[in-house]
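Novice: Encoded as structure tokens, here's the structure I'll be asking about.
Here, each number is a calculation from the coordinates, and none is a lab measurement. Since this is a predicted model, take the numbers as computed values, not measurements. Please note: Cβ atoms are built from the backbone with ideal geometry, for glycine as well, and neighbour counts cover all protein chains shown.
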Ligand SMILES: [Zn+2]
């Protein structure tokens with residue numbers, strides 16, 4: 001059989017294989033599975049972010065508690081000093097009392113900040129639990145679909161292997177050079193082999209150039225489309 005007849009038949013099974021692979025990729029179970037996988041990854045990201053936030057907040061709360069403790073010590077010390085060494089005049093007394101009040105105001109501010117952070121931290125804990133529950137549900141659903149998809153894939157793989165074997169067999173008798181050419185064209189134009197329709201490329205519908213038309217008249221087996229690069233078989 002002519003090389004190009006063989007290549008044409010090869011293309012039929014090769015395209016059948018491509019269609020089947022595409023069908024497998026488009027399987028509803030596979031799409032569902034990928035959707036759940038993406039959701040799980042997203043939840044993992046959310047959890048990681050919460051954990052980082054909680055860690056930073058924990059450090060900050062610890063620092064605040066230490067600072068409050070230290071300031072309370074300063075207040076006690078200043079009050080004791082005030083008692084032990086009563087100021088000589090009213091100005092000095094006012095100065096010392098103002099210093100103590102300033103310390104107490106700072107403590108109040110820190111305590112308010114600490115209380116707010118505790119609340120935020122509790123909210124993060126709740127959020128973390130919610131995300132974990134959601135992720136666990138998604139995980140269960142993922143596992144359920146995975147079982148279905150694995151079965152489906154096993155069955156589909158049998159047919160896929162059959163088609164691959166058919167394609168390999170169909171390549172018998174076609175020169176390596178022509179097969180390589182076919183595969184190169186397929187990267188940008190599929191199917192790579194087409195027929196001549198009137199004087200147009202059956203792939204992209206572009207009219208042949210005068211030079212190509214001359215070649216056709218001279219009786220060549222094929223020409224290459226100057227527009228899409230396909231092999232155009234001449235019957
Ligand atoms: Zn073309």
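Novice: Within segment 176-185, track down each residue that is under 15 Å from residue 203 (Cβ atoms) and surrounded by fewer than 18 Cβ atoms within 10 Å (Cβ to Cβ).
Specialist: Passing the criteria: 181, 184.
Novice: If residue 149 satisfies every condition in (1) away from the ligand (no atom under 12 Å from the Cβ); (2) surrounded by fewer than 18 Cβ atoms within 10 Å (Cβ to Cβ); (3) under 41 Å from the mean Cα position of the chain (by Cα) but one, which is the exception?
Specialist: (2)
Novice: So, one more: Only residues that are more than 25 Å from residue 154 (Cα to Cα) and surrounded by fewer than 16 Cβ atoms within 10 Å (Cβ to Cβ): list them for segment 31-45, please.
Specialist: 41, 42, 44, 45, listed by residue number.
Novice: For segment 182-199, what are the residues that are in contact with a strand residue (DSSP E or B) (Cβ under 6 Å, 6 or more places away or on another chain) and near the ligand (Cβ under 8 Å from one of its atoms)?
Specialist: 194
Novice: Moving to a separate point now. Does any residue in segment 204-229 that is touching a residue at least 60 places away in the same chain (Cβ under 8 Å) and more than 22 Å from residue 187 (Cα to Cα) come within less than 8 Å, Cβ to Cβ, of a residue that is part of a loop (DSSP other than H, G, I, E, B) and away from the ligand (no atom under 15 Å from the Cβ) six or more places away or on a different chain, and which pairs are these?
Specialist: Final answer for the pair search is 221/2.
Novice: Residues of segment 82-91 being assigned to a helix (DSSP H, G or I) and surrounded by 13 or more Cβ atoms within 10 Å (Cβ to Cβ), which ones?
Specialist: Across segment 82-91, the qualifying residue is only 82.
Novice: For segment 17-30, enumerate the residues that are part of a helix (DSSP H, G or I) and surrounded by 13 or more Cβ atoms within 10 Å (Cβ to Cβ).
Specialist: Correct list: 17, 18, 20, 21, 24, 29, 30.
Novice: I would also like to ask the following. Being within 8 Å of the ligand (Cβ to nearest atom) and not in a loop (DSSP other than H, G, I, E, B) is the filter; apply it to segment 201-235 and report the residue that is surrounded by the fewest Cβ atoms within 10 Å (Cβ to Cβ).
Specialist: Looking at the filtered set, the residue picked out is 232.
Novice: Does residue 111 count as free of Cβ contacts under 8 Å to residues at least 60 places away in the same chain, closer than 30 Å to residue 67 by Cβ, assigned to a helix (DSSP H, G or I) and over 34 Å from the mean Cα position of the chain (by Cα)?
Specialist: Yes.
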